[in-house]
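Enquirer: For reference, the structure I am asking about is given below.
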Amino acid sequence: GERREVEEGLIAAQERDAAMEGSLEAILSGLGRLKGVALDIEEEAAMQNIMVDDIHQRALQAEADLRSLNARMSSVLRSAGGAGRLLCNVALLLVVLALGLFVYQTVKQHRTSTP
């Protein structure tokens, strides 16, 4: 009677304990894998931080180089009389070259057409 009920209760408790033990082992295994993933993510984040810092330093250097180049170009333009004057000089040079090419072609045609 009563002893049998106690034994059955103990067996049921042992079975629940065994099931709980299996569940705890599965949770522990999952936590181990999760820890490994977290460590991998931490390592990847550290490497990406290094890369971002490197890119940031390169961007700062490029910005400084561009500022320096801009300052030098501004100085050259000022010494040439400004951007407007420089463009006028380039346009005048192109007109002179075009006129020279026209004269050359005209003389060349005249020489080949004259016997």
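No lab work stands behind these numbers, since they all come straight from the coordinates. All of these numbers come straight from a predicted model, not from anything done at the bench. Cβ: placed from backbone, ideal geometry, glycine included. Neighbour counts: every protein chain shown.
Enquirer: Extension gain Val6-Gln105, at 0.36 nm per residue separation less the Cα-Cα distance, in nm?
Expert: Gain in length upon complete extension: 23.6 nm.
Enquirer: Could you work out the pair-distance distribution P(r) of the chain from its alpha-carbon pairs, with 10 angstrom bin width and percents rounded to whole numbers?
Expert: Pairs per bin, as whole percents: 10, 12, 10, 11, 10, 9, 8, 7, 6, 6, 5, 3, 2, 1, 0.
Enquirer: In whole angstrom, how far apart do the alpha carbon centroids of the range 80-115 and the range 22-36 sit?
Expert: 84 Å
Enquirer: Another question, if that's okay. Mind listing the phi-derived Karplus ³J(HN,Hα) values for the range 9-17, rounded to whole Hz, using 6.51, -1.76 and 1.60 with θ = phi - 60°, and x for any glycine or proline?
Expert: With the stated coefficients, the range 9-17 comes to x, 5, 4, 5, 5, 5, 5, 5, 4 Hz.
Enquirer: Which residue, chosen from Val37, Ile27, Ala62, occupies the Cα position most advanced towards the positive end of the dipole of the range 1-62, where the dipole is computed from +1 (Lys, Arg) and -1 (Asp, Glu) charges on Cβ about the Cα centre?
Expert: After comparing all options, I get Ala62.
Enquirer: Once phi is turned into ³J(HN,Hα) by the Karplus curve 6.51 cos²θ - 1.76 cosθ + 1.60 with θ = phi - 60°, what whole-Hz value does each residue of the range 41-49 show in order, with x for glycine and proline?
Expert: Going residue by residue, I get 5, 4, 5, 5, 5, 5, 5, 5, 4 Hz, with x marking Gly and Pro.
Enquirer: I've got another one for you. Which whole-Hz couplings ³J(HN,Hα) result when phi for each residue of the range 24-35 is put into the Karplus expression 6.51 cos²θ - 1.76 cosθ + 1.60, θ = phi - 60°, listed in order with x for Gly and Pro?
Expert: Running phi through 6.51 cos²θ - 1.76 cosθ + 1.60 with θ = phi - 60° gives 5, 5, 5, 5, 4, 5, x, 5, x, 5, 4, 5 Hz.
Enquirer: Still on this structure: Under a point-charge model restricted to the Cβ atoms of Lys and Arg (+1) and Asp and Glu (-1), what is the dipole moment magnitude of the range 1-105 relative to its Cα centre, in debye to the nearest 20?
Expert: Dipole of the range 1-105, to the nearest 20 debye: 1760 debye.
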